[in-house]
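Note sheet for the following structure.
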Amino acid sequence: MMFFSENVYSQLYSNGAISTGVTHLATSTSAPAGYTWSELQTPAGTLGFSSFYNNALTNDFAIAEEFVVPAGQSWSLTNVNFYGYQTNYAGLTIPIDALRIRIWNGDPSLGTSSVVYGDMTTNVLNAAGSGEEFIYRVSNATGTTRRVWRFNATISTILNPGTYWIEYQVHALNDSSIFMPPVTILNTQSDPNWTAKQRNANTWAALIDTGSSFNRSMPFQLIGTDLLGIEFSAGTSNFSMYPMPVKEVCNFRLNKQLLENPDSLTIYDFKGALVFKQSNIESSDFSVNLSSLQTGLYFVKILDKNGKMLYSNKLMKE
């Protein structure tokens, strides 16, 4: 039972966009109705980068990009969006049938970094959440052969504050090439924060544009919930809860006289699953032993004997 309605999934992070608008800067040509261009910014020369594998593994490319979970936040990630195209693809649905993801706790090219989520074998593609992005990737001439698609992944992980890298690769329906357009901004060639890297088999290298020789950045969005941003509290003046975070024993003290005494305490994880319950409290000051709970964020409720909520708040277990 999910008991907090504020836990709504939303975009937590965007690493940049690829659309440059409805007008092609080099030729002043308007995009087809309902579409925009993603126009290569001269002298940049790479329309898209390889991030695909084939069944024979004669091609095994992946791209990784950095992102940061800010201090004071805890991200519960449910989905990720990536973007790619297959030149001359005429299908009406996405041109891929597999998407793989790994999240690292640092630069994956460094031996000191390790994987904190995912692998390069599990297919996490969410076809229902994927689709056409209504963008054409073009150079200094217009065209409609590079139609951009959104590739959505379904994941489940919680990331605490820190710097991470997300690595991804796809597989084409026809076992051929798929290309990923980089972040594209009008009249912009580089940015100090553009640090993407590409893996070819087991070798990592900076993701460098062939025309400008600048490092590139890749567009993606992280979707989920900031657990520490959830507003879930009621009756907080009724009780004191300490220490916080809690290691083993959590104490509760009634701060003022209530019409009904506390009767039960329940604790739920971030998915709304009941993980702890203590009944027949019958005391204004009581303690509960939470040593069996895993490290993480939880939500606590105290009810009276009639089921009325006297107190609710977040609880952090360390």
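Working only within segment 298-318, note down all residues that are more than 24 Å from P161 (Cα to Cα), of a type in the set (K, R) and not in a loop (DSSP other than H, G, I, E, B). Within segment 298-318, K301 is the sole residue that qualifies.
Within segment 81-99, does at least one residue satisfy the condition of being aromatic (F, W, Y) and part of a loop (DSSP other than H, G, I, E, B)?
Looking for residues that are aromatic (F, W, Y) and part of a loop (DSSP other than H, G, I, E, B), one finds at least one in segment 81-99, hence yes.
Among residues belonging to segment 260-280 that are charged (D, E, K, R) and at pLDDT 85 or above, point out the one that is surrounded by the most Cβ atoms within 10 Å (Cβ to Cβ). Applying the filter and picking the extreme gives D263. Note on segment 208-227: residues that are closer than 30 Å to T295 by Cα and either touching a Leu at 6+ places or on another chain (Cβ under 9 Å) or surrounded by fewer than 21 Cβ atoms within 10 Å (Cβ to Cβ) (or both) total 7. If I ask for residues that are at pLDDT below 65 and in contact with a strand residue (DSSP E or B) (Cβ under 6 Å, 6 or more places away or on another chain), which ones from segment 5-22 would you list? Residues satisfying the conditions are N7, Y9. Scanning segment 240-297 for residues that are of a type in the set (K, R) and either outside any strand (DSSP E or B) or in the same structural domain as S76 (by TED's automatic domain parsing) (or both) turns up K247, K256, K271. If only residues of segment 171-207 that are free of Cβ contacts under 8 Å to residues at least 60 places away in the same chain, surrounded by 14 or more Cβ atoms within 10 Å (Cβ to Cβ) and not small (G, A, S) are counted, the one that is farthest from S28 (Cα to Cα) is W194. Meeting the requirement of 3 or more residues that are under 20 Å from Y83 (Cα atoms) and among the charged types (D, E, K, R), the strands (runs of 3 or more DSSP E) wholly within segment 106-164 are 131-138.
Screening the candidates N88, N81 for the property of being polar (S, T, N, Q) and touching a strand residue (DSSP E or B) at 6+ places or on another chain (Cβ under 8 Å) yields one hit, N81.
Every residue, every condition in (1) under 23 Å from F270 (Cα atoms); (2) aliphatic (A, V, I, L, M); (3) surrounded by fewer than 16 Cβ atoms within 10 Å (Cβ to Cβ); (4) in the same structural domain as A33 (by TED's automatic domain parsing), yes or no:
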{"residue": "L99", "(1), (2), (3), (4)": "no, yes, no, yes"}
{"residue": "G118", "(1), (2), (3), (4)": "yes, no, no, yes"}
{"residue": "E133", "(1), (2), (3), (4)": "no, no, no, yes"}
{"residue": "W165", "(1), (2), (3), (4)": "no, no, no, yes"}
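Note on segment 171-198: residues that are in a strand (DSSP E or B) and closer than 23 Å to L40 by Cα amount to 4. Kindly provide the set of residues from segment 41-70 that are modelled with pLDDT of 95 or more, farther than 25 Å from T145 by Cβ and part of a strand (DSSP E or B), ordered by number. Hits for segment 41-70 are D60, A64, E65, E66, F67, V68.
The values are calculated or read from the model by the stated rules, or taken from the named source; none is laboratory data. Predicted model only: the values in this text are computed from it and were never measured. Glycine also receives a Cβ, built like all others from the backbone with ideal geometry; neighbour counts cover every protein chain displayed.
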